[in-house]
Structure formats: C-alpha cells, structure tokens
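Asks: First the structure, which I've put down as structure tokens, then a few questions once you've had a look.
The values are calculated or read from the model by the stated rules, or taken from the named source; none is laboratory data. This one's a predicted model, so the numbers in the text were calculated from it and none came from an experiment. Every residue, glycine as well, gets a Cβ built from its backbone with ideal geometry; the counts of neighbours run over all protein chains shown. SASA here: full protein model, heavy atoms, side chains in, ligands and nucleic acids out. Shrake-Rupley method; radii C 1.70, N 1.55, O 1.52, S 1.80 Å.
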Amino acid sequence: VQLQASGGGLVQAGGSLRVSCAASGRTFSNYAMGWFRQAPGKEREFVAAINWSGAATRYADLVKGRFTISRDNAKNTVYLQMSSLKPEDTAVYYCAAKLWGAAVVDRSQYNYWGQGTQVTVSS
C-alpha cells in the first residue's frame with residue numbers, strides 16, 4: 001500500500017490543524033493505521049492509531065484529549081485532527097499502515113510508511 005500524507009503547515013500555539021493520509025494500492029480496510037512523529041534529534045514516536053474499522057483507537061499520553069484519529073474507508077484516508085497545539089508538537093508527522101489486526105503502538109509492527117508532513121507550531 002502507498003501512503004501520501006498531507007495537510008501539514010505552520011500554526012500558532014493553541015491552534016488546530018488536520019493532517020490526512022491517503023492510501024492506494026491495496027484494500028484500505030484491511031489495515032490498521034497509525035500516526036507517528038519525529039522532531040529534530042529525537043526518535044520517531046507514536047502519536048495515535050486506529051483499527052481497521054475505526055471502532056478502536058489509541059493515543060500517546062502527550063496528545064490524549066487534544067488529538068483525534070479517524071478514518072474514512074470509503075475515501076481510503078486516515079486523519080489526525082490536532083487541537084490545542086503546543087510548540088513541542090512540532091515535528092514531521094508520518095502515517096503508517098499495519099496489515100490486519102488492532103491499533104498498536106509499536107512502530108516495528110507497521111508494514112508501510114508515508115513520506116511525512118511537517119507540522120510547525122509557533123509560540
């Protein structure tokens with residue numbers, strides 16, 4: 001499956017932004033999806049994940065209550081709605097796909113990765 005992330009940009013602290021990830025090449029509903037992020041000089045970290053149907057989600061503690069992951073299987077797209085953004089949310093955001101199963105935190109379980117989209121939060 002090919003993944004194309006988009007929607008990143010520059011936003012002020014406290015603002016909102018939605019990033020999207022469009023999938024192609026395979027049956028999208030066969031995949032659990034995840035969002036990860038990587039700031040300069042840091043490891044790539046888990047942000048949020050959603051199972052194949054959208055019925056189950058998981059969030060990193062740092063974003064819980066501020067970010068919402070969702071998916072539209074008819075549009076082959078997963079979204080990450082980000083609110084109350086903080087400068088420490090600044091990173092490249094990557095979407096990833098995991099064939100079958102539940103939403104998981106472990107990035108090593110994801111089979112496919114998108115190219116990333118830059119999110120910058122100014123103070």
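Asks: Somewhere in region 89-100, is a residue open to solvent by 40 Å² or more (accessible area, probe 1.4 Å), charged (D, E, K, R) and free of Cβ contacts under 8 Å to residues at least 60 places away in the same chain?
Replies: Within region 89-100, none of the residues are open to solvent by 40 Å² or more (accessible area, probe 1.4 Å), charged (D, E, K, R) and free of Cβ contacts under 8 Å to residues at least 60 places away in the same chain.
Asks: Test Gln118 against the stated conditions and say whether it is open to solvent by 50 Å² or more (accessible area, probe 1.4 Å), touching a residue at least 40 places away in the same chain (Cβ under 8 Å) and touching a Gly at 6+ places or on another chain (Cβ under 6 Å).
Replies: So Gln118 passes the test.
Asks: So for region 108-119 (the condition being in a helix (DSSP H, G or I) and not acidic (Asp, Glu)), does at least one residue qualify?
Replies: Yes, there is a match, as at least one residue in region 108-119 is in a helix (DSSP H, G or I) and not acidic (Asp, Glu).
Asks: Here is a check on your reading of the model: is Gly34 in a loop (DSSP other than H, G, I, E, B) and modelled with pLDDT of 95 or more? Can you show your working first?
Replies: Working: in a loop (DSSP other than H, G, I, E, B): no; modelled with pLDDT of 95 or more: yes.
For Gly34, the condition - in a loop (DSSP other than H, G, I, E, B) and modelled with pLDDT of 95 or more - is not met.
Asks: Right, here's the next one. Every residue in region 67-77 that is touching a Ser or Thr at 6+ places or on another chain (Cβ under 6 Å) and either of a type in the set (Asp, Glu) or farther than 20 Å from Gln115 by Cα (or both), please.
Replies: Of everything in region 67-77, just one residue is touching a Ser or Thr at 6+ places or on another chain (Cβ under 6 Å) and either of a type in the set (Asp, Glu) or farther than 20 Å from Gln115 by Cα (or both), namely Asn73.
Asks: Spot the failing condition for Thr27; the list is (1) modelled with pLDDT under 95; (2) open to solvent by less than 60 Å² (accessible area, probe 1.4 Å); (3) polar (S, T, N, Q), and only one is missed.
Replies: Only one criterion is unmet by Thr27, namely (2).
Results for (1) over 19 Å from Gly7 (Cβ atoms); (2) small (Gly, Ala, Ser); (3) over 14 Å from the mean Cα position of the chain (by Cα), shown as yes or no for each residue.
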site	(1), (2), (3)
Gln38	no, no, no
Lys42	yes, no, yes
Ser53	yes, yes, yes
Arg58	yes, no, no
Asp61	yes, no, yes
Arg71	no, no, no
Lys86	no, no, yes
Ala96	no, yes, no
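Residues are listed down the side, and each one gets a yes or a no for (1) closer than 21 Å to Tyr112 by Cα; (2) open to solvent by 50 Å² or more (accessible area, probe 1.4 Å):
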| position | (1), (2) |
| --- | --- |
| Leu17 | no, no |
| Met33 | yes, no |
| Arg37 | yes, no |
| Gly41 | no, yes |
| Phe46 | yes, no |
| Ser53 | yes, yes |
| Tyr79 | yes, no |
| Ser84 | no, yes |
